[in-house]
1. Which of the residues that make up region 134-148 are in a loop (DSSP other than H, G, I, E, B) and touching a strand residue (DSSP E or B) at 6+ places or on another chain (Cβ under 9 Å)?
2. Which pairs do you get when a residue that is under 12 Å from Ser88 (Cα atoms) and of a type in the set (A, V, I, L, M, F, W, C), found in region 102-116, comes within reach of a residue that is at pLDDT below 95 and in a helix (DSSP H, G or I), reach meaning Cβ atoms under 7 angstrom, with the pair 6+ apart or on two chains?
3. Kindly list the number of the only condition in (1) touching an Asp or Glu at 6+ places or on another chain (Cβ under 7 Å); (2) buried (at least 20 other Cβ atoms within 10 Å of the Cβ) that fails for Pro48.
4. Applying the selection to region 20-76, what residues are β-branched (Val, Ile, Thr) and either touching a Leu at 6+ places or on another chain (Cβ under 6 Å) or farther than 18 Å from Pro5 by Cα (or both)?
5. Would you point out which residue out of Ile40, Ile44, Ile87, Ile11 is over 30 Å from Pro123 (Cβ atoms) and either of a type in the set (A, V, I, L, M, F, W, C) or assigned to a strand (DSSP E or B) (or both)?
6. Can you tell me how many residues in region 81-94 are in contact (Cβ under 8 Å) with a residue 24 or more places away in the chain, surrounded by 15 or more Cβ atoms within 10 Å (Cβ to Cβ) and over 24 Å from Ile119 (Cβ atoms)?
7. Has region 70-81 got at least one residue that is among the acidic types (Asp, Glu) and over 17 Å from Thr92 (Cα atoms)?
8. Which residues, taken from region 60-72, are touching a helix residue (DSSP H, G or I) at 6+ places or on another chain (Cβ under 9 Å) and modelled with pLDDT of 95 or more?
Amino acid sequence: MTAIPDHQLTILKNMGSTISNSTQLLQSSNPYDLIIDGIIGYSIKENPRGSAAEMIEWANEYKAPILSLDTPSGIDLTSGRIHPTSISANATLTLALPKKGLYAEKVKKKRGELYLGDISVPPELYQYPLLEMEIPPLFNTSDIIRID
């Protein structure tokens, strides 16, 4: 595990969250009201396999809504490519700015409602010349806004 996910896992443990590996999850009889998908992030290169694929399949079959973080696992945010094993989310909370791949027609059904979450990106970054963007203040009234 790399430093950032390891740090985030430590925070969850310190909050008293129950952490399960894929084997424990698949064998659990606990009822879940919501599934938060953070299995695979934006850097997907190929179809999920192993425990990631097992968790994606489990989540899609479970009878609880799915909230994906940044992207539904199994979807390439740059190209909008949907891998055969991918989450079908009820909603997606993307971070900083919406990614191009989330607007591909075929992806819209997989991502559900689209929300944008503030992760404290400095407004000056949006003004970077190579980005060629004019972004008004987005999070003046809320840390999360619905965008689609």
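1. Keep residues of region 134-148 that are in a loop (DSSP other than H, G, I, E, B), which gives 134-143, 147-148.
Result: Leu138, Phe139, Asp143, Ile147, Asp148.
2. Once the first residue is under 12 Å from Ser88 (Cα atoms) and of a type in the set (A, V, I, L, M, F, W, C) and sits in region 102-116, its partners that are at pLDDT below 95 and in a helix (DSSP H, G or I) give Val107/Gly101.
3. The single condition Pro48 does not satisfy is (1).
4. From region 20-76, those β-branched (Val, Ile, Thr) are 23, 35-36, 39-40, 44, 56, 66, 71, 75; that's our starting set.
Correct list: Thr23, Ile35, Ile36, Ile56, Ile66, Thr71, Ile75.
5. Checking each option against the conditions leaves just Ile87.
6. The number of residues fulfilling the criteria is 4.
7. no
8. Ile66, Ser68, Pro72
The values are calculated or read from the model by the stated rules, or taken from the named source; none is laboratory data. All values reported here derive from a predicted model rather than from experimental measurement. Positions of Cβ are backbone-derived with ideal geometry, glycine not excepted, and every protein chain shown enters the neighbour counts.
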